[in-house]
């Protein structure tokens, strides 16, 4: 199962300003989701963002939205984004079968959305360093459960280089200048 940019869609679940202050490794989740989402948009991989009950939890983190000017936003009340018939119909209409999934809380909305996607026949790729919860143990347990259910745990770098596929074309050169070159070697927490 190799990711391709033609088959992929990135889904960022509920990285919301009102929730992030209590999320362990929430800043890293936003940083990694924004980085990969920006790269995705630059190579024509759609980026979708969900917001769980924004009236109570606030809208998406502004830094995330600033990095993703071309995103499509979905508001939801069900923990599983697949509980929204319009979301399900638009995803089917997109023709994309690979979903790179991340967000908060990993053990609630991200996991339930992932399980819904798997049940609907999509390939799900769990973006490990961009899935977070209030307690890191909950995020680790969610990842384990998702992998047992059929999802594939990936890192942002894995996804980026699979989408780019080769280093001798203009797409790679542009992505290298904007996103890859100078990407810090900062330590990441894989929860």
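Readers should treat all values here as calculations from the given coordinates under stated rules, not as data from a laboratory. Note that the structure is predicted; figures quoted are calculated from it, not measured.
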**Message:** Sequence gap at least 6, Cα distance under 8 Å: using those rules, report the relative contact order of the chain to the nearest whole percent.
**Reply:** 26
**Overall form of the chain per C-alpha gyration tensor (a/c, 1.5; a/b vs b/c)** = rounded
**Estimated 222 nm signal from helices in the chain, with DSSP H stretches of n ≥ 4 weighted -39500 (n - 2.57), rounded to 500** = -11500 deg cm²/dmol
